[in-house]
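Asker: Below is one structure. I have some questions about it.
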Amino acid sequence: MSTENSIASPKRESLFSKKNKKLLKDPLGDANPITIQVLGICSALAITVQLQQAVIMSLSVLFVMIGGNVIVSMLRNLIPDRIRIIVQLVIIASLVIIVDEVLKAYLPDVSEKLSVFVGLIITNCIIMGRLEAFALANKPGPSVLDAIGNGLGYAWILLAVSVVREIFGSGAISMPGMGQVKFLPEEWFISAGGFYENNNLMILPPMALVVVGVIIWIQRSRNKSLIES
Amino acid sequence: MEYLSIFVKGIFVENMIFAYFLGMCSYIAVSKTVKTANGLGLAVIFVLGITVPINYLLENYVLKEGALAWLDPSFSEVDLSFLSFIMFIAVIASMVQLVEMIVEKFAPALYGALGIFLPLIAVNCSILGGALFMQERQYPTIGDATVFGLGSGVGWWLAIVAIAAIREKIRYSNVPEPLRGLGITFIITGLMGIAFMSFMGIEI
C-alpha cells in the first residue's frame, strides 16, 4: 500500500498521511482544546443550556477557526512579529462580523439567545491559541486540518455538555430547525400528577462547570498519562 | 445610590466569572498562586475601568444608529453598529499595550510574574464582554458605564483571588488523582457559583 502511494505521488504528502491524521485526531482526545489545553472555556460553559445554541455556536467557531487559520497561515511571512496580535484580532473580528450578520439575518431567535457570546468568539482563546501555536508556523494545508480538528474537539465537548444539561434540565432535546422535542410523556411530570420533576439546577450556570469537571475526570481516569502532578 | 447599585450588581449578582464565565481561560491558568492572581485581577480592573468608558463614547458618538448626528444632521441615518466588534477590540488591544508598558516600567517584579499573561488580557473575554454588555444594556450616562466596568473588574478580581487561595490550600488535600489540577478547579468554581447565586435578586 505504502509503496503504491509513494509511486503515485513521490513528493506530495498524501492527505491521509499519519501526520495529517494526527492533526485531526489528537484534538478530539488527548489534546482536546477544552479539557486538556484549557482554551475556549468561556463560551463552552455559557451557551450549553440548549443543544440548539451549542450546535450553532460550534459551527460558528469552526467557520471562524478555519477562515482565521487559512488567512493567518497564508500571511505568516508578511505579519511583523511585534504587531501580530492586533493583526490576528482584526482578521478574527472581520470573520466574526460576517458570522454575526448571517445569524442576525437567518436565525434571529438563536442570535438573540446567544447575545454577546457571538461577539465573544473574537476573544475565544481557542482561536487565538491555535493561530499562535500552529498557523503562524505552518502551511495553509495542515493549518486547515488543525483548525478542523480543534473545532471538532471543541464541538464535541459543547454538544456533550449541552445534551446532559438539556435532558436533565428541561427533559427535552432541541435541534436547529426542529424545535424542542420532549420525549417524556406529559403526565409523568409532578405538575400533571406524575412522579418526575426536571432538575432546574442543571439550567443554572454553575452546573456547566461541574459537568465539564466530570468530563475531565472521566477522561483522565481513562488515560492516566494526562493526570497533573 | 444608582452608582452603588450598579457597582454591587457587577461584583456579586452579575459576576463576570460565576454568572457569565467570561475570562475563564486566564482565570484557570493564572490562579495557581494568590500573588499572581492578585496582579492579574488588578490589571483587569484597571483595563475594564478604562476601556468601558472609552467604548461607551465610541458607541454613543460614532457607532450607534444616528450617533453621528452631532457631526452633521445629514448623518442621522447612518448606522455603523456592525463595526462595533472591530472597533471595540482595537481600543482594547491598544489600551492593553499601554498597561503593559506602564507595568513594565513601574512594577518590573509584577511584570516578571505575569509573564505572557499580560498581553493575553487583550483576549480576556471579560474585557470585550464588558464592552458588549455595556452596548447591550444601554447605560444612560458615561458615569454608569464606568461604574459598571469597575464593578465587573472588582468581581473578576474577587473571583480569581478566591479561587487562587483555595487552590493553594487544596494542595494539601487528598483529591482523587484524575481530578487534580483542572478538574477540581472546575468543580470548586461551580460550587462557588452556586454560592454566589444566593445574591440573585438583591436590589439596593
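The values are calculated or read from the model by the stated rules, or taken from the named source; none is laboratory data. Note that the coordinates shown come from a computational prediction; the quantities given were computed from them, not determined experimentally. With ideal geometry, Cβ positions are generated from the backbone for all residues, glycine too; neighbour counts draw on all protein chains shown. Accessible surface areas use protein heavy atoms only, side chains included; no ligands, DNA or RNA. Shrake-Rupley method; radii C 1.70, N 1.55, O 1.52, S 1.80 Å.
Asker: Could you look through region B:1-20, keep only residues that are in a loop (DSSP other than H, G, I, E, B) and more than 11 Å from the chain's Cα centre (by Cα), and pick out the one that is modelled with the lowest pLDDT?
Answerer: It comes out as B:1.
Results for (1) within 27 Å of residue B:107 (Cα to Cα); (2) within 14 Å of another protein chain (Cβ to nearest Cβ), shown as yes or no for each residue.
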{"residue": "B:6", "(1), (2)": "no, no"}
{"residue": "B:20", "(1), (2)": "no, yes"}
{"residue": "B:25", "(1), (2)": "yes, yes"}
{"residue": "B:29", "(1), (2)": "yes, yes"}
{"residue": "B:43", "(1), (2)": "yes, no"}
{"residue": "B:60", "(1), (2)": "no, no"}
{"residue": "B:65", "(1), (2)": "no, no"}
{"residue": "B:69", "(1), (2)": "no, no"}
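Asker: Please pick out the residue among A:100, A:109 that is on the phi < 0 side of the Ramachandran plot and open to solvent by less than 40 Å² (accessible area, probe 1.4 Å).
Answerer: Just a single option satisfies the conditions, and that option is A:100.
Asker: Is at least one residue of region A:217-229 of a type outside the set (Asp, Glu), within 22 Å of the chain's Cα centre (by Cα), under 20 Å from residue B:15 (Cα atoms) and within 14 Å of another protein chain (Cβ to nearest Cβ)?
Answerer: no
Asker: Starting from region A:190-214, take each residue that is surrounded by fewer than 17 Cβ atoms within 10 Å (Cβ to Cβ) and list its partners that are aromatic (Phe, Trp, Tyr), counting only C-beta distances under 6 angstrom and pairs at least six apart or across chains.
Answerer: Matching pairs, first to second residue: A:194/A:188; A:196/A:188; A:196/A:189; A:199/A:168.
Asker: Have a look at A:120, A:89, A:114, A:131 and point out the one that is open to solvent by less than 20 Å² (accessible area, probe 1.4 Å) and either among the polar types (S, T, N, Q) or in contact with a Cys (Cβ under 7 Å, 6 or more places away or on another chain) (or both). Please lay out each step first, then the result.
Answerer: Details: A:89 fails: either among the polar types (S, T, N, Q) or in contact with a Cys (Cβ under 7 Å, 6 or more places away or on another chain) (or both); A:114 fails: either among the polar types (S, T, N, Q) or in contact with a Cys (Cβ under 7 Å, 6 or more places away or on another chain) (or both); A:131 fails: either among the polar types (S, T, N, Q) or in contact with a Cys (Cβ under 7 Å, 6 or more places away or on another chain) (or both).
One residue alone meets the criteria, A:120.
Asker: Being over 16 Å from the mean Cα position of the chain (by Cα), on the phi < 0 side of the Ramachandran plot and surrounded by 16 or more Cβ atoms within 10 Å (Cβ to Cβ) is the requirement here; does residue B:55 meet it?
Answerer: Considered against the rule, which asks whether it is over 16 Å from the mean Cα position of the chain (by Cα), on the phi < 0 side of the Ramachandran plot and surrounded by 16 or more Cβ atoms within 10 Å (Cβ to Cβ), residue B:55 comes out as no.
Asker: Any idea which residue in region A:43-59 is nearest to the other protein chains (Cβ to nearest Cβ), counting only those that are in a helix (DSSP H, G or I) and either surrounded by fewer than 24 Cβ atoms within 10 Å (Cβ to Cβ) or in contact with a strand residue (DSSP E or B) (Cβ under 6 Å, 6 or more places away or on another chain) (or both)?
Answerer: That would be A:53.
Asker: So for region A:134-145 (the condition being charged (D, E, K, R) and within 14 Å of another protein chain (Cβ to nearest Cβ)), does at least one residue qualify?
Answerer: Scanning region A:134-145 turns up no residue that is charged (D, E, K, R) and within 14 Å of another protein chain (Cβ to nearest Cβ).
Asker: Taking the condition of being within 14 Å of chain B (Cβ to nearest Cβ) and either basic (Lys, Arg) or under 29 Å from residue A:175 (Cβ atoms) (or both), how many residues in region A:67-110 meet it?
Answerer: Qualifying residue count for the region: 15.
Asker: Any idea which of (1) open to solvent by less than 50 Å² (accessible area, probe 1.4 Å); (2) part of a helix (DSSP H, G or I) is the one residue A:31 doesn't satisfy?
Answerer: Single failed check for residue A:31: (2).
Asker: Also, I was wondering about something else. Just name the residue that is modelled with the highest pLDDT out of those in region B:29-38 that are assigned to a helix (DSSP H, G or I) and open to solvent by 10 Å² or more (accessible area, probe 1.4 Å).
Answerer: My answer is B:34.
Asker: Then there's this: In this structure, does residue B:48 turn out to be in a loop (DSSP other than H, G, I, E, B), at pLDDT 85 or above and either surrounded by 19 or more Cβ atoms within 10 Å (Cβ to Cβ) or within 14 Å of chain A (Cβ to nearest Cβ) (or both)?
Answerer: No: the conditions fail for residue B:48.
Asker: Which of the numbered conditions does residue A:143 fail, given that it passes all the others? Conditions: (1) open to solvent by less than 10 Å² (accessible area, probe 1.4 Å); (2) over 17 Å from residue A:66 (Cβ atoms).
Answerer: Result: residue A:143 fails condition (2) only.
Asker: What number of residues within region B:58-67 are assigned to a helix (DSSP H, G or I) and either at pLDDT 80 or above or at positive phi (or both)?
Answerer: In the first step, residues of region B:58-67 are kept if they are assigned to a helix (DSSP H, G or I); the result is B:58-63, B:67.
Checking which are either at pLDDT 80 or above or at positive phi (or both) leaves us with B:58-63.
Result for region B:58-67: 6.
Asker: Another question, if that's okay. Within region B:81-99, can you find the residues that are open to solvent by 30 Å² or more (accessible area, probe 1.4 Å) and over 18 Å from residue A:94 (Cβ atoms)?
Answerer: B:95, B:97, B:98
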